[in-house]
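Engineer: First the structure, then my questions, so here it is.
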Amino acid sequence: MTDVVAGDSGLEPTHTLAPEPAVDAAPAVGPVRARLATAEELDDWDAHAVDSPHGHVYQSRAWAEFRAAHGSQPWLIAFDDGFRMLVLGRPGIGNAAAYASRGPVPESDAAVTAARAAATAELIGSHGVPALVVDGQTPAASGLRGLLAQVGFEPADEEQPSRHRMDVRLGPPDSPNSDEKTIFDSFGSQTRHLIRQAERHGLKVARLDAGGGRLDDDDVSPELEEFERVDAGDPAAADDLLRGVYGMLDPAVHRRSAELGSEQAFLDWSRRGIGAGHLLYLQAEHPEDGPIAAVGFHRHGHRLSCALVGARPELRRKYPGSVRLLLWRGIQIALDERRGVVDLGGADTPALRRRPEKGYSTYGAYEFRESFGARWVELTGAHRKTMHSLGGGVGRVAAVVRRLGRRAPGR
C-alpha cells in the first residue's frame, strides 16, 4: 500500500485570484496522508463521503460501482482522519486526467481541502497518472482557489454542466424546521399560483424512493401522505416509471450527463442510486393524460439536490405548474427530513460562468429558481493539477491503473 503525505508548507494563503476576496493567513495544516482504502474503510464509505454535512452522491460507493461497470476506473482513497475521496479515471486513454467527481467535499477550513487535493494528486501521480481534476462544491468566498494555486492546481473546464448553484435555505443544519407555510409564502406569487393550479388540475405525485423521511411519524405533512408510492422493491413497477422519466428528458441532458448517455445507463444508475437511498424520483401524473413531468433528487449531506427535470413537451401548456409542484414536493421532503438546503442546480454555462443577466439565454432558468427563493452560490469550480506527461506510454499507465484499482468495487 502506498502512502503519500502532503506537508504543511505552502498552504498559508496570501491573496486569492479574482473574483475571490483577499483572505487572512490561515493556520498551518499538519501532514495529510492519502492511501487506498482498506476493506473496513469501504464498508462505512458512504457515512463519510455522502452522509457527512457537505457530502455528495458522486462520491458514493454506488457511483463508483456504476462508473466502474461502464468503463471507468475508480480509486477509493482514505485519509488518516477518516476522510474519504473517490477519484475516477479511464485506463489506458492517452494523457487524460483522473477526476475527483464533486470532491474533495468541502471542509470548514479550505486549507485542509487544498492539502487533501495535493496529497491525492501525489498519490495518483506517483503511479504514473498524469493529472488530476478536482471540483468539490466549495464556496468561492472560502479562498480555496488561491490555496489550490499554491499547491499547483489551475482552473479547468467543468465536468458538470454548471459551476455554480442556487440554494433554497430551509434552516440551520440539524435544527428542526418544518414550517412549510413560511417557506411556501416566500415563493414568488406566480410560482405559488401555478403550484395550486396544478393541484386543482388533479395532478398526483408518484414517489419512487427507498430511503429517508419520517413517513410513519404522526406529524408528517398531510400532503406527503398523499404520495402515490411506487415500490422500489418491485423491479417492473420501478423500471416502468424510470423509462417514462427517461423519455421525458431533453436529449441535450442525455448528451452532457455521465449517467444519461443511454436508457440502459440511466436505468442502471437509477437502480443503484435508489437502492443506496441516494436518489429519489417524483412524477406528476393525471388520471387521463398519464405522466406529465418528473424530477430526480440526490439525497446527501444536509441537502436535497435537484439532479434532473423532464416534462412531456406536448402537455407543458396544459399543465404549466407540473414541474413547480414536483419541486415544492421535493422541498417538503427536505423539510420532513430536517435538511437545511434544497439545491436547485445552476444557471451558468461554459460560455458564461457567472450569474446571468436579463437577455442572456439562461436568465429564464435563473428567474425560475429565484422564484422559489433560491439564492446564487458562487463556487470555486474545477481545478486541474498536471503531475507529469504520459512518460512511459499507454502500456505503463494501464499497468498502473490495474495496480491502483486492486480494491475497486466489485473486483
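Engineer: Is it true that residue 329 is touching a helix residue (DSSP H, G or I) at 6+ places or on another chain (Cβ under 8 Å), within 27 Å of residue 168 (Cα to Cα), in the same structural domain as residue 189 (by TED's automatic domain parsing) and part of a helix (DSSP H, G or I)?
Structural biologist: Working: touching a helix residue (DSSP H, G or I) at 6+ places or on another chain (Cβ under 8 Å): yes; within 27 Å of residue 168 (Cα to Cα): yes; in the same structural domain as residue 189 (by TED's automatic domain parsing): yes; part of a helix (DSSP H, G or I): yes.
Spelling it out, residue 329 is indeed touching a helix residue (DSSP H, G or I) at 6+ places or on another chain (Cβ under 8 Å), within 27 Å of residue 168 (Cα to Cα), in the same structural domain as residue 189 (by TED's automatic domain parsing) and part of a helix (DSSP H, G or I).
Engineer: Please specify each residue of the stretch 353-379 satisfying the condition of being modelled with pLDDT of 95 or more and polar (S, T, N, Q).
Structural biologist: Passing the criteria: only 371.
Engineer: In this structure, does residue 243 turn out to be within 22 Å of residue 164 (Cα to Cα), touching a helix residue (DSSP H, G or I) at 6+ places or on another chain (Cβ under 9 Å), among the charged types (D, E, K, R) and at pLDDT 95 or above?
Structural biologist: Details: within 22 Å of residue 164 (Cα to Cα): no; touching a helix residue (DSSP H, G or I) at 6+ places or on another chain (Cβ under 9 Å): yes; among the charged types (D, E, K, R): yes; at pLDDT 95 or above: yes.
When the stated conditions are applied, residue 243 does not pass them.
Engineer: Something else now. Determine which member of the set 72, 52, 108 is of a type outside the set (Asp, Glu) and without any contact (Cβ under 8 Å) to a residue 12 or more places away in the chain.
Structural biologist: Working: 72 fails: without any contact (Cβ under 8 Å) to a residue 12 or more places away in the chain; 52 fails: without any contact (Cβ under 8 Å) to a residue 12 or more places away in the chain.
The conditions single out 108.
Engineer: Looking only at the stretch 103-115, decide whether some residue is touching a helix residue (DSSP H, G or I) at 6+ places or on another chain (Cβ under 6 Å), at positive phi and either surrounded by fewer than 24 Cβ atoms within 10 Å (Cβ to Cβ) or not assigned by TED's automatic domain parsing to the domain that holds residue 151 (or both).
Structural biologist: No, the conditions are met nowhere in the stretch 103-115.
Engineer: Quick one: what pairs do we get from the stretch 355-383, first residue over 11 Å from residue 168 (Cβ atoms), second in a strand (DSSP E or B) and of a type in the set (S, T, N, Q), C-beta under 8 Å, 6+ apart or different chains?
Structural biologist: Close Cβ pairs satisfying both conditions: 361/349; 362/349.
Engineer: Out of the helices (runs of 4 or more DSSP H) lying entirely within the stretch 125-212, which hold 1 or more residues that are at pLDDT below 95? Quick ask: steps written out before the conclusion?
Structural biologist: Numbers: elements: 144-150, 180-185, 189-200.
Fully inside the stretch 125-212 and qualifying: 180-185.
Engineer: Give the stretch 286-333 a look and list any residue that's of a type outside the set (A, V, I, L, M, F, W, C), crowded, with 20+ Cβ neighbours inside 10 Å, farther than 24 Å from residue 54 by Cα and touching a strand residue (DSSP E or B) at 6+ places or on another chain (Cβ under 8 Å), or say none.
Structural biologist: 291, 310, 319, 322
Engineer: Take the residues in the stretch 28-45 that are hydrophobic (A, V, I, L, M, F, W, C) and at pLDDT 90 or above; name whichever of them is surrounded by the fewest Cβ atoms within 10 Å (Cβ to Cβ).
Structural biologist: The initial filter retains those residues of the stretch 28-45 that are hydrophobic (A, V, I, L, M, F, W, C), namely 28-29, 32, 34, 36-37, 39, 42, 45.
Keeping just the survivors that are at pLDDT 90 or above gives 34, 36-37, 39, 42, 45.
Numbers: 34: 26, 36: 20, 37: 20, 39: 7, 42: 18, 45: 20.
Step by step, filter the stretch 28-45, then rank; the result is 39.
The values are calculated or read from the model by the stated rules, or taken from the named source; none is laboratory data. A quick note: this is a predicted structure, and the numbers were derived from the prediction, not measured. Ideal geometry is used to build each Cβ from the backbone, glycine not excepted, and the neighbour counts take in all protein chains shown.
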